[in-house]
Structure formats: C-alpha cells, structure tokens
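The values are calculated or read from the model by the stated rules, or taken from the named source; none is laboratory data. From a predicted model like this one, the values you see are computed outputs, not experimental measurements. Cβ sites come from the backbone with ideal geometry, for glycine too, and all protein chains shown count toward neighbours. Please note that ligands, DNA and RNA were not included when accessible areas were found on the heavy atoms of the full protein model with its side chains. Shrake-Rupley method; radii C 1.70, N 1.55, O 1.52, S 1.80 Å.
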Amino acid sequence: GSRRGEEPGLRERHILVHSDGAARGNPGPAGAGWVIETLDGELIEESSAYLGERTNNQAEYEALLHALAAIRPDRRTWLEIYSDSELMVRQLKGQYRVRNADLAERWGSVQEYLEKAAEVVLRHVAREENRRADELANRAIDVHLQAVQGPVGQTVAGTGSASRTPSPEESPGSTGQDARGGIGDGRNARHPSG
C-alpha cells in the first residue's frame with residue numbers, strides 16, 4: 001500500500017527539527033530552543049521561549065512541543081527530529097518507559113503531534129550537533145534573568161511568570177513552507193507500535 005504522505009496531489013514536506021531544553025538547577029529557570037529547517041537547509045523558524053521553573057527533562061519535552069506546534073505536522077509531513085536528550089528520544093521511541101507523571105503528560109502531547117505526521121525519525125545527537133538549539137534555550141533563560149534583575153542585581157518583584165507550552169489543539173498557524181526531498185529511512189521511527 002501507499003504511505004499516507006504519498007497520496008496523489010499532496011506535496012510532501014520534509015522537515016528537520018533541532019530542539020533543546022535547558023534548566024539552571026533541576027528544577028530551576030528553564031528555556032526552550034528550536035531550529036526548523038527544510039531538507040535543503042532552508043531556515044523555516046528559529047526561536048526560543050522562557051519556560052519558568054522546570055526540570056531539564058521537562059524543558060526538553062517543552063522545546064520539542066514548541067517546535068511541533070510551529071510545524072503543525074500532517075499526513076504530508078516527514079519529520080527528522082534531533083535532540084541531545086537521550087532520555088526523551090528513547091522514551092518517544094518506546095525504548096524507555098515514562099514513569100514521571102509530568103513527563104508522561106508532555107510525552108502524550110508530543111505523541112499527538114507525531115501521530116499526525118507521515119513519518120517520524122527520532123535521533124539522539126551529541127550536544128555539539130545541537131549547538132544552535134542549545135544556544136537559543138540558554139539565551140531565553142539569560143534574557144529572562146536579565147529582565148528580572150534590578151539595577152544592582154536585585155530581583156524585581158512579580159516577574160516570575162512562565163509561558164505556557166502550546167497543546168496540539170491550540171497550536172499556532174503553520175509556516176506554510178514546503179520542503180523538498182527524500183524520506184527518512186524509518187530505522188529510528190517514533191514508536192514500535194506505530
């Protein structure tokens with residue numbers, strides 16, 4: 001049979017995602033960074049968000065959720081996701097169980113997005129190979145911390161609000177840019193059952 005993304009009249013989008021979450025302390029002030037590109041290396045989106053107080057693992061999932069909300073994958077979308085979080089990648093592939101309730105909720109939200117895509121390849125990469133997303137995540141924390149510092153380094157009261165991570169139902173509009181190119185090899189597909 002044909003794959004969902006190969007129906008006549010549909011143009012495939014092959015998208016590469018680099019995401020990273022960072023927390024200063026565990027939990028501590030956290031940020032998310034993501035870079036979304038076409039297979040040809042054309043930048044679709046590069047962004048970051050301050051997340052509030054999170055653990056590093058929560059920040060990793062939320063970074064990926066922000067990227068997926070920007071992409072809004074559908075049956076034409078082929079995703080290659082790169083993360084330096086071995087735990088998250090293995091959990092999303094079904095190699096590790098998700099025992100933490102907070103992570104389980106985020107895992108479920110990520111899976112909702114991934115199930116909409118034609119194909120998903122998840123890859124664990126070294127931190128050096130995820131450098132730009134890491135820089136963006138840390139910059140989000142730095143910008144927040146600088147904003148709440150008074151002129152003598154004192155914290156300004158009432159500025160500890162955290163941004164919410166978008167759910168699949170309330171994700172923003174798609175960038176609308178299509179990617180050209182081949183498909184993933186499927187060896188690292190998202191979950192053994194799917």
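When V125, V121 are checked against the criterion of being touching a residue at least 12 places away in the same chain (Cβ under 8 Å) and open to solvent by less than 10 Å² (accessible area, probe 1.4 Å), a single residue qualifies: V121.
Annotation: of all residues in the stretch 10-27 being among the small types (G, A, S) and surrounded by fewer than 24 Cβ atoms within 10 Å (Cβ to Cβ), the one that is nearest to R123 (Cα to Cα) is A23.
Restricting attention to the stretch 24-36, which residues are part of a strand (DSSP E or B) and touching a residue at least 60 places away in the same chain (Cβ under 8 Å)? Within the stretch 24-36, P29, A30, G31, A32, G33, W34, V35, I36 meet the criteria.
Among the residues of the stretch 101-118, those identified as in a helix (DSSP H, G or I) and either open to solvent by less than 30 Å² (accessible area, probe 1.4 Å) or of a type in the set (K, R) (or both) are L103, R106, G108, S109, V110, Q111, Y113, L114. Selection of the stretch 28-49 for residues being surrounded by fewer than 21 Cβ atoms within 10 Å (Cβ to Cβ), in contact with a Gly (Cβ under 9 Å, 6 or more places away or on another chain) and modelled with pLDDT of 95 or more yields T38, E46, S47. Per this entry, E169 is counted among residues that are over 15 Å from the mean Cα position of the chain (by Cα), at pLDDT below 95, farther than 18 Å from E45 by Cα and in a helix (DSSP H, G or I). Just one of S19, S47 is in contact with a helix residue (DSSP H, G or I) (Cβ under 6 Å, 6 or more places away or on another chain), closer than 27 Å to V143 by Cβ, polar (S, T, N, Q) and assigned to a strand (DSSP E or B); which is it? Being in contact with a helix residue (DSSP H, G or I) (Cβ under 6 Å, 6 or more places away or on another chain), closer than 27 Å to V143 by Cβ, polar (S, T, N, Q) and assigned to a strand (DSSP E or B) holds for just one of S19, S47, which is S19.
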